1. Looking at the structure I just gave you, is LEU140 in contact (Cβ under 8 Å) with a residue 12 or more places away in the chain, part of a helix (DSSP H, G or I) and over 22 Å from VAL187 (Cβ atoms)?
2. Please pick out the residue among VAL65, VAL42, VAL79 that is touching a helix residue (DSSP H, G or I) at 6+ places or on another chain (Cβ under 8 Å), modelled with pLDDT of 95 or more and open to solvent by less than 90 Å² (accessible area, probe 1.4 Å).
3. Does SER50 meet the test of being at pLDDT below 95, hydroxyl-bearing (Ser, Thr, Tyr) and either farther than 28 Å from LEU184 by Cα or open to solvent by 60 Å² or more (accessible area, probe 1.4 Å) (or both)?
4. Here's a check for you: in segment 169-185, which residue that is closer than 16 Å to LEU15 by Cα and open to solvent by 30 Å² or more (accessible area, probe 1.4 Å) is modelled with the lowest pLDDT?
5. Tell me which residues, restricted to segment 155-194, are over 14 Å from MET143 (Cβ atoms), part of a helix (DSSP H, G or I) and small (Gly, Ala, Ser).
6. Filter segment 66-114 for residues that are within 30 Å of GLY38 (Cβ to Cβ) and either touching a Ser or Thr at 6+ places or on another chain (Cβ under 9 Å) or not hydrophobic (A, V, I, L, M, F, W, C) (or both) and give the result.
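The values are calculated or read from the model by the stated rules, or taken from the named source; none is laboratory data. The structure presented is a predicted model; accordingly, all values stated were derived computationally and were not measured. Note that we place each Cβ from the backbone using ideal geometry, even for glycine, and neighbour counts take in every protein chain shown. Heads up: the accessible areas ignore ligands, DNA and RNA and are worked out on the full protein's heavy atoms, side chains in. Shrake-Rupley method; radii C 1.70, N 1.55, O 1.52, S 1.80 Å.
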Amino acid sequence: MSETEAVEKMRKGTLFLIIAPILVLIGIVLIGATAISGLLAVFSSPSSASSYIMAIGDLLGGAIVSLIMLIAGIVLGLVGLIKIRSGFKMLVESGKNVGVGYTGVSLVFLSIILDIISIALAGVLPAISYLSIISGILGLIGMILVGVGFYKTGKEYNQGLVEAGGILTAIVVIPLLPFIGFILIYVGLGNVKG
C-alpha cells in the first residue's frame, strides 16, 4: 500500500471523528428535548388515557431516534479511529516516523475497552470504578500521542495545517480544541501529495 492510500485512510478517519461528536451531541440534545416534551405532555394534558398513550409514544419515538444518533456517532467514531490507526501503521511501514500516532490510537482503544469493562462490572464490583480512572488516563495520554502523531505527519509532508491540527488535538483538556484540530488535519491531509 502506498503513502497516498495511508494518508487518505487517515483523512477519512479524521472526517469520521469530526462527524461522530456532532451525531452524539444531537442524540444527547434529542434525549433532553424528548424528556422535557414528554413530561410537559403528561403534566399539561387532560388526564385521559389517549393523551398518556400519545405522550408515551412521543417519548419512545424520541428515545429511539436519540439512541440511533448516539449509536451512529459512537460507531462512526470507532471506525474513524480504526482508519487512522491503519493509516499510521501504513506510514510507519513506509519508513515515516509517526509510530507515536499508532501507539496513541492503540491506547485510546484500550481506554474504550476498559471503560466498557468498568461500566459492565460497576454494579457487581464497586472497586472497578478505579478502572475508569485508569481508562481516563490512558485515553488522555492516547489522544495526546495521536495529536503528536498528526503533528509529525504534518512535518513529514510539510503541511502546516496538519501540524497545527496535531497540536490542537493534543490539547485534550480543552474539549473543543481537538475537534478544531481534526478539522485542520482533515483539510491539511487533503493537500498531501504522495
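1. yes
2. VAL79
3. yes
4. Taking the candidates together, the pick is LEU176.
5. Answer for segment 155-194, where residues must be over 14 Å from MET143 (Cβ atoms), part of a helix (DSSP H, G or I) and small (Gly, Ala, Ser): GLY160, ALA164, GLY188, GLY190.
6. If the condition is that a residue be within 30 Å of GLY38 (Cβ to Cβ) and either touching a Ser or Thr at 6+ places or on another chain (Cβ under 9 Å) or not hydrophobic (A, V, I, L, M, F, W, C) (or both), then SER66, GLY73, GLY77 are the ones that fit.
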